[in-house]
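Undergrad: My structure is below; once you've seen it, I'll send some questions.
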Amino acid sequence: MPAVSPDPDGAPPPSASAAPGGLLRVLGVGFGLAGAVGGTIGAGILRTPGLVAAALGTAPLVLGAWLLGGLYALLGAVCVAEMAAALPEAGGWTVYARRAFGPLAGFTVGWIDWIGHCVGLAWVAITLGEYGLALLPASLTAGCPLVAVRAIAIGALALFALIQLVGVRAGGASLQLLSLAKAVAFLALVAACFLIGVPAGTEAGAATATVPAPVAPAGMAALALAAVPALQAVITTYDGWHSPIYFAEEFEDAPADLPRSLIGGLLAVLAIYLLVNLALLHVLPPATLASSSLPAADAARLLAGSAGARAITGLALLSLLGLIGATTMGAPRILYGLAEAGLTLPALATVNAGGTPTVAVLLTAAAGAVLVMAGDFSRLLGIAAVIYVALYATGIVCLIVLRRLEPELPRPFRAWGWPWSAGVMLAGSLAFLVGAVLESPGSSAVAMALMAVGVPIHLITRPDASGGA
């Protein structure tokens, strides 16, 4: 992507140091790209292609859905990049809400963002436990598989919390390593699909021809109806592209590095997703793909037998580890940002010598562990889905409001295609929010209640609640 030039009227980039006891400005574009890739690509891309193919039927429509979902996420990335470059502070969405609407809105957005991260962290950890269970000897888990799954999940949370406590360099290095390994593994899967293929006339090859060919939805109305669930699945799989914004205060040159990280990371994810779908369609006919709950594993099994299936399990574990690393590193920055802005308990802004907000990391890991033990993930994920879409919509509204209220705010990067990019992103976010509410009214009500709970929590935990500073 083209270089991002500093605004001639803006402030110079922040130095690479930080005040004692604060976050360290030691991150660069390499970390930002790893954060976007690591925070986005998970086990979803191993499952979702089958759901999309089942809804749309033909290869062109399937690939079109993944491209359209990626372009929608790209609009979000260019919009958020403007705010991230103009307001490079730790905390993510809360920073923009506080600037646009004041402290209470800032706390509420930060509170629900952190809750959503903790729910997602617990779900990913449990999924990791379920995949990890398949690699353990049956004799170790006989009679207590749920205990084993939870033990693996909580062990993973504890491991990544310890890595974060070492310092931001250790956390950043682990995230970059996992993201690179994840990208290489997915590209290896793509290469295997194209280079090996399924030999014609073999039992495996014949198996792919036994499913009736799918038919694309007839007519625009039917296509639109089928596209809604397909695009919902695709956009959910792209979720996480905004991960670099939580570390805005730690980039050496945030005004330049954040737009590159957000946009470059999203483009990298888009390329991987399109390549994976092309590879799966090369090995599995659309009908077979549509009937598969784990198409990547089915493709690998056709290519390499049981060894291929085990390789996909390993790829899923690698993807999930990267997500846990990105979330365990990012979510505490939300709490840090709230505390640094004086919106909640000052202890949450405590930073160790390695640049890690220690109390915030421990609280995030503990909340994730409690949710792992609590369990009802279908309800929790429904709540988190509403929260995530609401955050996107809120972020775009903040961009529009800040453009109007603070036209002189230095903006080292400006959203491409303004105002149409923001308008399309906002309309899409609101449409998906309405869809989420209609699909899961109970989960939506709980999500709204969690937002409301943020008000008394802010009043109780803010530093001046008892007359303090």
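Every read-out reported here was derived from the displayed coordinates using simple, explicitly stated rules and does not represent laboratory data. As the structure is a prediction and not an experimental result, all values here were calculated from the model. All Cβ positions, even for glycine, are placed from backbone atoms using ideal geometry, and neighbour counts span all protein chains on display.
Undergrad: Can you tally the net charge around residue 333? Count Lys and Arg as +1, Asp and Glu as -1, for every other residue whose Cβ sits under 15 Å from the Cβ of residue 333.
TA: -3
Undergrad: Also: Have a look at 163, 83, 373 and report the one farthest towards the positive end of the charge dipole of the chain, computed about the Cα centre with Cβ charges (Lys/Arg +1, Asp/Glu -1).
TA: Farthest towards the positive end: 373.
Undergrad: Please list 244-255, 288-299 highest first by mean number of surrounding beta-carbon atoms within 10 Å per residue.
TA: So the peptides 244-255, 288-299, ranked by packing, come out 244-255, 288-299.
Undergrad: Still on this structure: Answer with one residue from 56, 173, 135: the one whose Cα lies farthest towards the positive end of the charge dipole of region 35-191, charges on Cβ with Lys, Arg +1 and Asp, Glu -1.
TA: Farthest towards the positive pole: 135.
Undergrad: Sticking with this structure for a sec: Which cross-chain or sequence-distant (5 or more) residues have an amide H under 5 Å from the amide H of residue 27, H modelled 1.01 Å from N in plane?
TA: Distant-sequence amide H within range of residue 27: 251, 252.
Undergrad: Okay, next question. Given C-alpha coordinates of the chain, what is the ratio Rg to Rh with the Kirkwood estimate of Rh?
TA: That ratio is 0.97, to two decimals.
Undergrad: Now, a different point. With charges only on Cβ, +1 for K and R and -1 for D and E, what is the dipole size of region 307-426 about its Cα centre, in debye, rounded to 20?
TA: Using Cβ point charges on Lys, Arg, Asp and Glu, region 307-426 gives about 260 debye.
Undergrad: Going by average Cβ density within 10 Å per residue, which order do the peptides 273-281, 396-404, 82-90 take, highest to lowest?
TA: 82-90, 273-281, 396-404
Undergrad: Which of 34, 315, 111 sits farthest toward the positive end of the charge dipole of the chain, with +1 on the Cβ of Lys and Arg and -1 on the Cβ of Asp and Glu?
TA: So the residue furthest toward the plus end is 315.
Undergrad: Counting each DSSP H run of 4 or more residues in the chain as -39500 (n - 2.57), what helix-only mean residue ellipticity at 222 nm follows after dividing by all residues, to the nearest 500 deg cm²/dmol?
TA: Helix-only estimate at 222 nm: -25000 deg cm²/dmol.
Undergrad: Related question: Run the dipole for the chain about the Cα centre, Lys and Arg Cβ at +1, Asp and Glu Cβ at -1, nothing else charged, and hand back the magnitude in debye, nearest 20.
TA: Magnitude of the dipole: close to 400 debye.
Undergrad: At 20 Å minimum axial length over the Cα atoms and a Kyte-Doolittle cut of -1.0, report the qualifying DSSP H helices in the chain, or say none.
TA: 59-86, 103-133, 145-166, 168-195, 220-238, 254-283, 295-340, 358-374, 377-405, 420-439, 441-461
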